[in-house]
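K.L.:
This is the structure, below, for whatever I ask next.
The values are calculated or read from the model by the stated rules, or taken from the named source; none is laboratory data. Owing to the predicted nature of the structure, the values given are computational and were not obtained by experimental measurement. Neighbour counts run over all protein chains shown; Cβ positions are idealised from the backbone, glycine included.
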Amino acid sequence: MSDKEFVGPPVDTISERHEAGEVSRRGLLLRPLGYFGIAIVWFVLTVVVLALLAAIPYAILQQGDLASSPGVAKFKDPGEVVAALIALPIVAVMFGAVICLLLVGSFSLFILSLIAFSRSLRPSFAKERLTTTRWTSEAIGPVRAGNLLSAAAGSGGPLSAYREVLDKQSLSLIPVRRTKFSGAVTALMFFAFVPSGAIVLASTILGLAYLVTVAWVTWPVTGPTAVVWAVVSTALTVVGVWRVHRAYLRNVAKQFAQPTV
């Protein structure tokens, strides 16, 4: 389903002044609190993701090292080795998603919240909306309910007009007035929440780089062998970042070519 502007029946509680973009006096007083609260939420989520990435090597080092951990001893069994090799790409995808999607997505929304909060305090923005929303069927999110609800209500039911929204996810906090900086942060948000196959593949490479680095550092590998593993980690990271950058540019060109409502 391609993105397009949602058209539905009017909502009586929305005034013509609000539809035109002006903000009520109550809205002017409350929206700084709202944006500040949202910023706190996304900041906490960003910290949680960073803590998760740091928790694994920290937990290993607290027990001594990876080489002496109970799980490594099982690798003498060929079956365990095969199971580990099968699980490695799956775990790499998971950590790649944490690094590239969850971390970038949380941090970008934190920055967009701060942008909206700072603008809500400036008189020059008092008579206009600060953020808008993109509805898209390609974004990460819960299962869509549009087909089910509209089918239950009938093709001519009141919910059928909202099928486009119910079938999609919303990407909010998009600045109405876009600068180079806010546009770049918005692009990062699209990158994280509307990922392409290329983004998932590139993030998997970074996830593998993270796992390899944690493994040889906490083993710990020393001497000339450490240099070899450091080169491997660096190579995986460089390739991953390069692939992420290419996927990011393609994603930006696609998302900014679509309408925002």
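K.L.:
Are there any pairs, at least 6 apart or on different chains, whose C-beta atoms fall under 6 Å, with the first in the range 107-130 and touching a residue at least 12 places away in the same chain (Cβ under 8 Å) and more than 11 Å from SER182 (Cβ to Cβ) and the second surrounded by fewer than 19 Cβ atoms within 10 Å (Cβ to Cβ) and of a type in the set (Asp, Glu), and if so, which?
P.N.:
LYS127/GLU22
K.L.:
Checking ARG31 against (1) surrounded by fewer than 13 Cβ atoms within 10 Å (Cβ to Cβ); (2) at pLDDT 75 or above; (3) among the basic types (Lys, Arg), which single condition isn't satisfied?
P.N.:
Among (1) surrounded by fewer than 13 Cβ atoms within 10 Å (Cβ to Cβ); (2) at pLDDT 75 or above; (3) among the basic types (Lys, Arg), ARG31 violates only (1).
K.L.:
How many residues does the range 225-237 contain that are among the aliphatic types (A, V, I, L, M) and under 12 Å from GLY207 (Cα atoms)?
P.N.:
The number of residues fulfilling the criteria is 1.
K.L.:
Within the group VAL221, VAL227, VAL200, VAL231, which residue is in contact with a Leu (Cβ under 9 Å, 6 or more places away or on another chain) and of a type in the set (Val, Ile, Thr)?
P.N.:
VAL200
K.L.:
Could you tell me which of the residues LEU50, LEU66 is modelled with pLDDT under 95 and outside any loop (DSSP other than H, G, I, E, B)?
P.N.:
Result: LEU50 is the single residue among LEU50, LEU66 that is modelled with pLDDT under 95 and outside any loop (DSSP other than H, G, I, E, B).
K.L.:
Continuing with this model, one more query. Looking at the range 42-73, which of its residues are hydrophobic (A, V, I, L, M, F, W, C) and in contact (Cβ under 8 Å) with a residue 60 or more places away in the chain?
P.N.:
Hits for the range 42-73 are TRP42, PHE43, LEU45, LEU53, ILE56, ILE60, LEU61, LEU66, ALA67.
K.L.:
In the range 73-123, how many residues are among the hydrophobic types (A, V, I, L, M, F, W, C), farther than 25 Å from GLY197 by Cβ and at pLDDT below 85?
P.N.:
Matching residues across the range 73-123 total 6.
K.L.:
Still on this model: Report yes if ALA97 is in contact with a Phe, Trp or Tyr (Cβ under 9 Å, 6 or more places away or on another chain) and buried (at least 19 other Cβ atoms within 10 Å of the Cβ), otherwise no.
P.N.:
no
K.L.:
Now, a different point. Of the residues ALA226, ALA235, which is over 22 Å from LEU85 (Cβ atoms) and either modelled with pLDDT of 95 or more or touching a helix residue (DSSP H, G or I) at 6+ places or on another chain (Cβ under 8 Å) (or both)?
P.N.:
On inspection, the qualifying residue turns out to be ALA226.
K.L.:
Restricting attention to the range 184-215, and to residues there that are within 23 Å of PHE110 (Cα to Cα) and without any contact (Cβ under 8 Å) to a residue 60 or more places away in the chain, which single residue is farthest from the chain's Cα centre (by Cα)?
P.N.:
ALA184
K.L.:
Okay, next question. Please state which of the following conditions SER172 fails to meet, knowing it meets all the rest: (1) touching a residue at least 24 places away in the same chain (Cβ under 8 Å); (2) assigned to a helix (DSSP H, G or I); (3) among the small types (Gly, Ala, Ser).
P.N.:
(2)
K.L.:
Give the residue, chosen from VAL231, VAL221, VAL185, that is surrounded by 15 or more Cβ atoms within 10 Å (Cβ to Cβ) and part of a helix (DSSP H, G or I).
P.N.:
VAL185
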